[in-house]
2 protein chains.
Amino acid sequence: MTGNVDWVAVDWGTSNLRGWGIAEDGSVVFEKTSPKGMGKLTREEFPAALAELLEGVAPGRSGKLEVLICGMAGARQGWLEAPYLEAPTDLRGLLDGAVHPDMGDSPIRASILPGVCQKAGGDNVMRGEETQLLGLASLNPGFSGMVCMPGTHSKWAQLSGSRIERFSTAMTGEMFELLRTHSVLRHSLAGDLDGPGRSDGFKAGAEAGLAHPEQLLGTLFQVRAGALLSGRQPDWCAGYLSGLLIGTEVGSNRHLVGDATVPLIGAPALCALYAQVLEMAGASGAPKDATEIVLAGLKAARSFAA
Amino acid sequence: MTGNVDWVAVDWGTSNLRGWGIAEDGSVVFEKTSPKGMGKLTREEFPAALAELLEGVAPGRSGKLEVLICGMAGARQGWLEAPYLEAPTDLRGLLDGAVHPDMGDSPIRASILPGVCQKAGGDNVMRGEETQLLGLASLNPGFSGMVCMPGTHSKWAQLSGSRIERFSTAMTGEMFELLRTHSVLRHSLAGDLDGPGRSDGFKAGAEAGLAHPEQLLGTLFQVRAGALLSGRQPDWCAGYLSGLLIGTEVGSNRHLVGDATVPLIGAPALCALYAQVLEMAGASGAPKDATEIVLAGLKAARSFAA
């Protein structure tokens, strides 16, 4: 079925595993997905999960099946730790930092790309996003500026061509879930969170966060007080909380963004919210297709072997 | 045993219930505590919990036992809702806003003091702290300035004599518990959190929070990255997280504090940490005895009936 596969590109995240068969001309021959993300596997279960994903894929003429993997499979608690490259660094060096797990008699030859860490200017780590950044750079030669990757742990990176100069991580998505699920604010967020008040709440929260990112610990409580005093409904409160957190995140990066257009890599609905807040801040956002970006990154990483 | 009790002062919080018998000369005849805080009781269970606390306390010459209550017993989900006074307001008016639950044939005559809300300048609410603020004012006539009440939900209030001008609430204590228990940071906070690294971590975190309160969402993740990259131990990480949150809170109130001495009302160990951070910010903190303060507040509230 897949005799023309030259190699396989894999994005192995915490929640999911995705693979694409790539032909010699760079076209995608197949796409396969599995729920066997890093977070659900013990170290010993990785080889079988990969073999299962690639069942029926024929090795190439060499008798081997080359697989290039980015993401959490290379974490300490993953399959095989791929030590971080340290920023600032040229992401074209990713493949040189790859590690190669022992696959025994299998025809699969797997390489796991490293993440990137930062020590000077604030300890930080990424795994997976570095490959997306290289993909963005390869699709947009000459781009320099801030890139935002919204999510559970949003990344903001300063890119100069294929060099990552510095980056930060904002716990915005995780904070929303923590507050919605476990905090006193949950009392104000019980019910239909997607009602018509959500967008008004989002706008009000984003304005508050952009105006005073230093007041987050205080403004958060106003979600609860607003529900008690002003009868704010759960949909409005959910929008406000979401807007406040994203507004605070964008506000704290404002000095690095100015009026630039910021590429956004992430889930489309979330990227649309970030684009809205960036516009409120006098900048703009350019949502990218995350699948296209990660594929471009894996292809680019493979093309730059030392 | 308590024939000389003139009235009973009660602080009914979410977690605990405390009562003091007060003689005609204002001295404390007895102190009683119970774990029956508001959070553990249904509406119907409040009268029995109070009767149990005061078992054996004889009514006065009138045949009645007057009980003045502050705190969460007056919340919507408490015994009987005591509507908020709205700031700015003179706290000598607290008793005029009290509500009186029906006690049936009991000799107990209970009054529950209102909380204070704020609508202009950011929705906010307090219950219990307003009585402490009145106590502080009555013990320190002529004091004007910011008061800090550290805790799960820290309050910062601007006091002018017995007037509360404005206030805010920071979810600092709750945020520490959320992050320690439920977030990705919990991996870096498993183990002995009270080891020798805690104070160094606290100082580093407080410096970061004071310097950049607008960067909280980003700096939080450095707790995790520091554990991964620099081998930071759980005691250091716990100190850093605590210092970062308190530093952010103090940093966001810095413009209101200047170089003033800020009265601190709360648990002594926590007040000591806030005093340390206030000193780092060029101000200072003056921890107060919280029991003495709330008692003074209940006495003062009782003395200012219209």
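Which of the residues belonging to the stretch B:23-37 are closer than 22 Å to B:K299 by Cα and not in a strand (DSSP E or B)? If you could, list the steps in order and put the result at the bottom.
If we filter the stretch B:23-37 for residues that are closer than 22 Å to B:K299 by Cα, which is where we start, we get B:23-34, B:37.
Result: B:A23, B:E24, B:D25, B:G26, B:S27, B:G37.
Anything in the stretch A:9-47 that is among the hydrophobic types (A, V, I, L, M, F, W, C) and over 22 Å from A:P59 (Cβ atoms)? List them, or say none. Don't jump to the end; show me each part of the working.
Here is the first cut: in the stretch A:9-47, the ones among the hydrophobic types (A, V, I, L, M, F, W, C) are A:9-10, A:12, A:17, A:20, A:22-23, A:28-30, A:38, A:41, A:46.
Listed by number, the residues that qualify are A:M38, A:L41.
Filter the stretch B:217-240 down to residues that are buried (at least 24 other Cβ atoms within 10 Å of the Cβ) and among the hydroxyl-bearing types (S, T, Y) and give me whichever is farthest from the other protein chains (Cβ to nearest Cβ).
B:Y240
Does A:M149 count as touching a strand residue (DSSP E or B) at 6+ places or on another chain (Cβ under 8 Å), within 14 Å of chain B (Cβ to nearest Cβ) and under 22 Å from A:V250 (Cβ atoms)?
Values: touching a strand residue (DSSP E or B) at 6+ places or on another chain (Cβ under 8 Å): yes; within 14 Å of chain B (Cβ to nearest Cβ): yes; under 22 Å from A:V250 (Cβ atoms): yes.
Yes.
Can you pull out every residue in the stretch B:1-12 that is assigned to a loop (DSSP other than H, G, I, E, B) and either modelled with pLDDT of 95 or more or buried (at least 21 other Cβ atoms within 10 Å of the Cβ) (or both)? Even if it seems obvious, please write down each step before you answer.
Let us first name the residues in the stretch B:1-12 that are assigned to a loop (DSSP other than H, G, I, E, B), namely B:1-6.
B:V5 - this is the single residue of the stretch B:1-12 that is assigned to a loop (DSSP other than H, G, I, E, B) and either modelled with pLDDT of 95 or more or buried (at least 21 other Cβ atoms within 10 Å of the Cβ) (or both).
If a residue must be touching a helix residue (DSSP H, G or I) at 6+ places or on another chain (Cβ under 8 Å), surrounded by fewer than 18 Cβ atoms within 10 Å (Cβ to Cβ) and modelled with pLDDT of 95 or more, how many such residues does the stretch B:96-112 contain?
1
When you check A:G297 against the structure, is it of a type outside the set (F, W, Y), at pLDDT 95 or above and at positive phi, yes or no? It would help to see each step written out before you state the result.
Working: of a type outside the set (F, W, Y): yes; at pLDDT 95 or above: yes; at positive phi: no.
Here the answer is no, as A:G297 does not meet what is asked.
Keeping to the stretch B:113-138, report how many residues are charged (D, E, K, R) and within 10 Å of chain A (Cβ to nearest Cβ).
Our first condition is that a residue be charged (D, E, K, R); within the stretch B:113-138, this holds for B:119, B:123, B:127, B:129-130.
Subset that is within 10 Å of chain A (Cβ to nearest Cβ): B:119, B:123.
Number of matching residues: 2.
Taking the options B:G258, B:G243, name whichever one is more than 11 Å from every other protein chain (Cβ to nearest Cβ), among the small types (G, A, S) and more than 30 Å from A:R76 (Cα to Cα). First the steps, then the outcome.
Numbers: B:G243 fails: more than 30 Å from A:R76 (Cα to Cα).
The unique qualifying residue is B:G258.
Checking B:G282 against (1) part of a helix (DSSP H, G or I); (2) at positive phi, which single condition isn't satisfied?
All conditions are met except number (1).
Return the pair list, or none, for Cβ contacts closer than 9 Å from residues in the stretch A:13-26 that are without any contact (Cβ under 8 Å) to a residue 12 or more places away in the chain to residues that are of a type in the set (A, V, I, L, M, F, W, C) and surrounded by fewer than 12 Cβ atoms within 10 Å (Cβ to Cβ), at least 6 apart or on different chains.
Correct list of pairs: empty, since none qualify.
Which members of the stretch B:187-209 meet the condition of being within 11 Å of chain A (Cβ to nearest Cβ) and surrounded by fewer than 16 Cβ atoms within 10 Å (Cβ to Cβ)?
Matches in the stretch B:187-209: B:H187 only.
Counting only residues that are closer than 19 Å to A:E174 by Cβ and touching a Cys at 6+ places or on another chain (Cβ under 7 Å), how many does the stretch B:180-215 have?
Within the stretch B:180-215, residues that are closer than 19 Å to A:E174 by Cβ and touching a Cys at 6+ places or on another chain (Cβ under 7 Å) number 2.
Only one of these conditions is not met by A:H212: (1) within 9 Å of another protein chain (Cβ to nearest Cβ); (2) surrounded by 23 or more Cβ atoms within 10 Å (Cβ to Cβ); (3) not aromatic (F, W, Y). Which number is it?
(2)
Kindly provide the set of residues from the stretch A:152-186 that are within 12 Å of chain B (Cβ to nearest Cβ), within 30 Å of A:L94 (Cα to Cα) and not charged (D, E, K, R), ordered by number.
A:T152, A:H153, A:S154, A:W156, A:F167, A:S168, A:T169, A:A170, A:M171, A:T172, A:G173
Being out of contact with any Gly (no Cβ under 7 Å at 6 or more places or on another chain) and within 17 Å of A:F143 (Cβ to Cβ) is the filter here; which residues of the stretch A:284-303 pass it?
Within the stretch A:284-303, A:S284, A:G285, A:A286, A:P287, A:K288, A:D289, A:E292 qualify.
Just wondering, is there one or more residues in the stretch A:32-45 that are in contact (Cβ under 8 Å) with a residue 40 or more places away in the chain and either more than 18 Å from the chain's Cα centre (by Cα) or surrounded by fewer than 13 Cβ atoms within 10 Å (Cβ to Cβ) (or both)? Steps first, answer last, please.
Initially, the stretch A:32-45 is screened for residues in contact (Cβ under 8 Å) with a residue 40 or more places away in the chain, giving A:38.
Checking which are either more than 18 Å from the chain's Cα centre (by Cα) or surrounded by fewer than 13 Cβ atoms within 10 Å (Cβ to Cβ) (or both) leaves us with none.
No, because not a single residue in the stretch A:32-45 is in contact (Cβ under 8 Å) with a residue 40 or more places away in the chain and either more than 18 Å from the chain's Cα centre (by Cα) or surrounded by fewer than 13 Cβ atoms within 10 Å (Cβ to Cβ) (or both).
How about the stretch B:140-166: which of its residues are touching a residue at least 60 places away in the same chain (Cβ under 8 Å) and within 13 Å of the chain's Cα centre (by Cα)?
The answer is B:V147, B:C148, B:M149, B:P150, B:G151, B:S154, B:W156.
The values are calculated or read from the model by the stated rules, or taken from the named source; none is laboratory data. Model, not experiment: these values are computed from the prediction. Note that we place each Cβ from the backbone using ideal geometry, even for glycine, and neighbour counts take in every protein chain shown.
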